[in-house]
1. Take the residues in segment A:43-56 that are within 13 Å of DNA strand D (Cβ to nearest atom) and surrounded by 15 or more Cβ atoms within 10 Å (Cβ to Cβ); name whichever of them is farthest from residue A:102 (Cα to Cα).
2. Could you grab me the full set of residues in segment B:29-71 that are touching a Gly at 6+ places or on another chain (Cβ under 8 Å), in a helix (DSSP H, G or I) and within 9 Å of chain A (Cβ to nearest Cβ)?
3. Examine segment A:38-60 for a residue that is at pLDDT 95 or above and closer than 23 Å to residue B:109 by Cβ, and state whether such a residue exists.
4. Would segment A:82-97 turn up any residue that is within 12 Å of DNA strand C (Cβ to nearest atom) and aliphatic (A, V, I, L, M)?
5. Give me a count of the residues in segment A:72-97 that are at the interface with chain B (Cβ under 7 Å from one of its Cβ atoms) and either open to solvent by less than 100 Å² (accessible area, probe 1.4 Å) or within 13 Å of residue A:40 (Cα to Cα) (or both).
6. Within segment A:53-60, is there a residue that is within 10 Å of DNA strand C (Cβ to nearest atom) and in contact with a strand residue (DSSP E or B) (Cβ under 9 Å, 6 or more places away or on another chain)?
Number of protein chains: 2
Amino acid sequence: MPTNPNEQSKNPDLRLINKALAMICGKWRLYIILLLGEQTLRYTQLSELLPGISEKVLAGELKALVALGVMKRKAYAEMPPRVEYKLSKKGRLALPILNQLQEVGQLFN
Amino acid sequence: MPTNPNEQSKNPDLRLINKALAMICGKWRLYIILLLGEQTLRYTQLSELLPGISEKVLAGELKALVALGVMKRKAYAEMPPRVEYKLSKKGRLALPILNQLQEVGQLFN
DNA sequence: CTGCATCCTTCGCGATACTG
DNA sequence: CAGTATCGCGAAGGATGCAG
């Protein structure tokens, strides 16, 4: 829509916004992403780092984030089972911007 | 919190995250902020730019965003009434980061 | 260990009618 | 014009128990 060359303020794109909101909104979603950061964590480790989250919610959020392409799930055929979660390539690309949201939060302390 | 000099990966701060989420989560909140951007808009203009939003929700979101300190409300004692909304200083400071969320959305198209 | 099924409560959001 | 009041539904999230 840059029909006007001196128009520097681009209209917000509702579709892109909703895409972004889908992966960060909710009580735990963004926190899980930032927590993962560059590391790989197992299901149990995540549940310990997210005190108060219920099993149902944690499993659901992880599944949703994997479906969104933000993170990868790797299950090992062992006994007992072991499952590891890490950010996908795209997830790591988004990480710097998502981290800056904390600075936004700081602004409004 | 940089007690450890070689600690470059900062733990996510749940409090700051929640502060940030409070102002962008929800179906309309972030979109309203980005829409406002640098301009000043009246109540009716906003409702036209947000097709489908109900009166109750729009009024509620505006009130909430003002309470959060993201935007300012200015009412003129005229007849008929006129009320203008614009981002606060802090809101404008946060704007660049919030705009980048659209790039995150683009990543996951 | 990992995670799904069930039940229940709360909250976000929409529709509509009404007011200063 | 700029909202508030009321009603209602569906989704989000918590508690608990069960399963591979």
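The values are calculated or read from the model by the stated rules, or taken from the named source; none is laboratory data. Only a predicted model underlies this, so the values are computations on that prediction, with no experimental measurement involved. Here the Cβ is made from the backbone with ideal geometry for all residues, glycine too, and neighbour counts use every protein chain on show. All accessible areas refer to the heavy atoms of the entire protein, side chains included, with ligands and DNA or RNA removed. Shrake-Rupley method; radii C 1.70, N 1.55, O 1.52, S 1.80 Å.
1. From segment A:43-56, those within 13 Å of DNA strand D (Cβ to nearest atom) are A:43-44, A:47, A:50-56; that's our starting set.
Those left that are additionally surrounded by 15 or more Cβ atoms within 10 Å (Cβ to Cβ): A:43, A:47, A:50, A:53.
Details: A:43: 25, A:47: 22, A:50: 18, A:53: 21 Å.
In this case the residue turns out to be A:43.
2. B:33
3. The answer is no; no qualifying residue exists.
4. Restricting attention to segment A:82-97, the residues satisfying the condition of being within 12 Å of DNA strand C (Cβ to nearest atom) are A:82-85.
Still in the running and aliphatic (A, V, I, L, M): A:83.
Yes: one or more hits.
5. Looking only at segment A:72-97, we keep the residues that are at the interface with chain B (Cβ under 7 Å from one of its Cβ atoms), and these are A:90, A:93-94, A:97.
Of the ones still in play, those that are also either open to solvent by less than 100 Å² (accessible area, probe 1.4 Å) or within 13 Å of residue A:40 (Cα to Cα) (or both) are A:90, A:94, A:97.
Number satisfying all stated conditions: 3.
6. Going through segment A:53-60, the residues within 10 Å of DNA strand C (Cβ to nearest atom) turn out to be A:54-60.
When the remaining residues are screened for being in contact with a strand residue (DSSP E or B) (Cβ under 9 Å, 6 or more places away or on another chain), the result is none.
There is no residue in segment A:53-60 that is within 10 Å of DNA strand C (Cβ to nearest atom) and in contact with a strand residue (DSSP E or B) (Cβ under 9 Å, 6 or more places away or on another chain).
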